[in-house]
Amino acid sequence: MDIISGVLAGQTRALAKAITVVENDRPGKKELLRAVFPQTGKAFLIGITGPPGAGKSTLTDKLISRLRRQGKTVGVIAVDPSSPFSGGAILGDRIRMQQHALDDGVFIRSMASRSHLGGLAKTTVDVIHLLDAAGKDVIIIETVGVGQDEVDIVKIAHTTVVVMVPGLGDAVQIAKAGVMEIADVFAVNKADRDGAGKLVNELRAMLEMSEAAWQPEIYQTVAKNDTGIDELLAGIYKHWDYVRQAGIDQQKFRSNVERELITYLTDGIVSLAAAHPGYGRLLDELAAKRVTPLEGAEKLFQELGLNCNWEKREE
Amino acid sequence: MAKRIKVLIAKPGLDGHDRGARVVARALRDAGMEVIYTGIRQTPEQIVATAIQEDVDAVGLSCLSGAHNNLFPKVVQLLREQGADDILVFGGGIIPDADIPGLKQAGIRAIFRPGTPTEETIRFINENVSE
Ligand SMILES: Nc1nc2c(ncn2[C@@H]2O[C@H](COP(=O)(O)OP(=O)(O)O)[C@@H](O)[C@H]2O)c(=O)[nH]1
Ligand SMILES: [Mg+2]
């Protein structure tokens with residue numbers, strides 16, 4: 001069986017190989033994505049984000065168990081940062097999830113972010129498409145993120161769970177980091193520790209000031225002891241119902257594919273520019289301060305036969 | 001983009017000491033590889049399922065409990081059964097000289113004992129991972 005029909009039939013080996021093709025821009029990527037694309041948009045995408053060590057992987061592990069008991073198949077993408085020095089990475093999220101290693105209904109894949117910003121790898125959305133087309137009912141995407149700028153997952157997931165732990169900072173810091181804007185559901189994990197109640201109260205006080213249509217709920221969990229997980233999962237599904245009723249899943253799909261389009265466009269234009277014969281000379285001129293980066297970009301666009309003007313027109 | 005080598009570092013067997021495995025994992029990361037680490041006490045079945053899902057290029061097995069003669073060949077055998085024998089398997093840990101020929105025979109391509117410079121492991125992986 002070839003890789004495409006293998007993916008569509010939900011075969012583990014084919015899916016694993018397909019992800020490698022997509023992740024490494026290998027030959028066949030375009031055909032693969034073309035073939036699976038019509039089959040995407042079915043899975044429920046749950047983002048789990050928060051600071052390192054908050055318990056995201058442990059929570060994911062417990063959520064997988066619940067979802068499996070409900071008969072749902074689960075895909076997990078666990079993204080960790082690549083080392084900025086070597087480009088390598090240690091991907092250790094699976095440590096907490098190995099009880100599911102032999103379950104055919106669970107497919108877990110670790111991804112290094114490969115210096116892409118925002119907590120995701122460049123190809124994470126394509127990998128989501130593959131898991132989706134392979135028939136996973138729920139896809140959990142675990143990313144490390146603390147502040148708003150680091151959390152691209154919110155744009156992609158239907159429901160974003162922000163995992164917080166007591167003792168990492170007060171409400172002002174939470175507000176500064178923009179965490180309030182990104183959470184659909186809060187998990188205050190490590191609720192066995194001092195300060196969980198205080199954190200919940202602070203979050204609640206901040207949420208009361210929000211006028212957003214969806215009011216996130218706060219769940220206390222002790223992931224390590226499997227406590228509070230049923231309630232958390234029910235809260236996640238409550239938000240999913242809201243998402244579907246409000247048609248947010250359609251909007252998300254649209255913004256997801258736009259995000260991907262932009263990624264490919266950016267990639268393409270940068271490599272076009274870098275391959276331009278005048279590129280090296282332009283860099284010299286920038287370094288010598290004869291040309292500003294803005295002028296340089298404009299000039300390059302012109303030479304590529306494109307017209308791009310960054311100055312906003314008067315209204 | 002240049003292909004990044006992906007390696008699973010796994011600890012089969014019942015011993016709970018993973019310092020050596022962690023040192024190797026860090027060294028491989030510093031050499032630019034992507035390293036999946038799954039923690040202690042993994043069964044050969046779990047290791048193979050993980051290697052397949054993660055589609056790794058190589059699996060490094062570390063075992064200090066003395067059960068390597070059973071566990072390492074078992075991993076190779078299960079990979080073969082899954083048609084994944086293109087994955088390079090190497091081992092580390094406390095392994096007597098006398099066991100090495102048998103392990104190599106069984107398809108463990110190299111054994112690195114405690115004290116082996118990590119450069120040697122890195123060179124081995126770089127030279128032997130199939131494209
Ligand atoms: N005390 C306590 N520790 C926890 C809890 N949940 C997870 N941990 C521990 O926190 C550490 C980090 O967990 P992990 O899931 O890897 O965090 P991640 O980095 O956010 O994915 C591990 O040692 C877990 O056992 C909890 O509810 N209470
Ligand atoms: Mg984690």
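The values are calculated or read from the model by the stated rules, or taken from the named source; none is laboratory data. Keep in mind that what you see is a predicted model, and the values were worked out from it rather than measured. In this analysis, Cβ positions are derived from the backbone assuming ideal geometry, glycine residues included, and neighbour counts consider all displayed protein chains.
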Residue satisfying all of: in region A:158-178; modelled with pLDDT of 75 or more and not hydroxyl-bearing (Ser, Thr, Tyr); nearest to ligand 1 (Cβ to nearest atom) among these: A:Val163
Of the criteria (1) surrounded by fewer than 21 Cβ atoms within 10 Å (Cβ to Cβ); (2) modelled with pLDDT of 95 or more; (3) aliphatic (A, V, I, L, M), which one A:Ala43 fails: (1)
Residues that are away from every other protein chain (no Cβ under 14 Å), of a type outside the set (Gly, Ala, Ser) and not in a loop (DSSP other than H, G, I, E, B), drawn from region B:57-74: B:Leu61, B:Cys63, B:His68, B:Asn69, B:Asn70, B:Leu71, B:Phe72, B:Pro73, B:Lys74
Of residues in region B:80-119 being in a helix (DSSP H, G or I) and within 14 Å of the chain's Cα centre (by Cα), the one surrounded by the fewest Cβ atoms within 10 Å (Cβ to Cβ): B:Lys104
All strands (runs of 3 or more DSSP E) inside region A:65-184 with 1 or more residues being out of contact with any Leu (no Cβ under 6 Å at 6 or more places or on another chain), more than 14 Å from chain B (Cβ to nearest Cβ) and closer than 28 Å to A:Phe37 by Cα: A:138-144, A:159-164
Condition met for A:Leu304 (farther than 30 Å from A:Ala54 by Cα and touching a residue at least 24 places away in the same chain (Cβ under 8 Å)): yes
Test: residue in region A:231-251 that is closer than 19 Å to A:Ile139 by Cα, among the β-branched types (Val, Ile, Thr) and in contact with a Ser or Thr (Cβ under 9 Å, 6 or more places away or on another chain): yes
Single unsatisfied condition, A:Val22 versus (1) surrounded by 15 or more Cβ atoms within 10 Å (Cβ to Cβ); (2) within 12 Å of chain B (Cβ to nearest Cβ); (3) within 16 Å of ligand 2 (Cβ to nearest atom): (3)
Which numbered condition A:Leu15 misses (of (1) within 12 Å of chain B (Cβ to nearest Cβ); (2) among the aliphatic types (A, V, I, L, M); (3) buried (at least 24 other Cβ atoms within 10 Å of the Cβ); (4) part of a strand (DSSP E or B)): (4)
Matching residues, region A:239-250, being over 23 Å from A:Ala121 (Cα atoms) and surrounded by 14 or more Cβ atoms within 10 Å (Cβ to Cβ): A:His239, A:Trp240, A:Tyr242, A:Val243, A:Ile248
Condition met for A:Ile48 (within 15 Å of ligand 1 (Cβ to nearest atom) and more than 14 Å from chain B (Cβ to nearest Cβ)): yes
Test result for A:Pro51, touching a residue at least 12 places away in the same chain (Cβ under 8 Å) and either among the aliphatic types (A, V, I, L, M) or within 16 Å of ligand 2 (Cβ to nearest atom) (or both): yes
Residue in region B:1-56 that is farthest from the other protein chains (Cβ to nearest Cβ), counting only those that are over 16 Å from A:Met111 (Cβ atoms) and assigned to a strand (DSSP E or B): B:Pro12
Single residue of region A:62-93 satisfying the filter (within 13 Å of ligand 2 (Cβ to nearest atom) and without any contact (Cβ under 8 Å) to a residue 60 or more places away in the chain) that is surrounded by the fewest Cβ atoms within 10 Å (Cβ to Cβ): A:Gly92
Scope region A:251-282; condition part of a loop (DSSP other than H, G, I, E, B) and surrounded by 11 or more Cβ atoms within 10 Å (Cβ to Cβ); matching residues: A:His276, A:Gly278
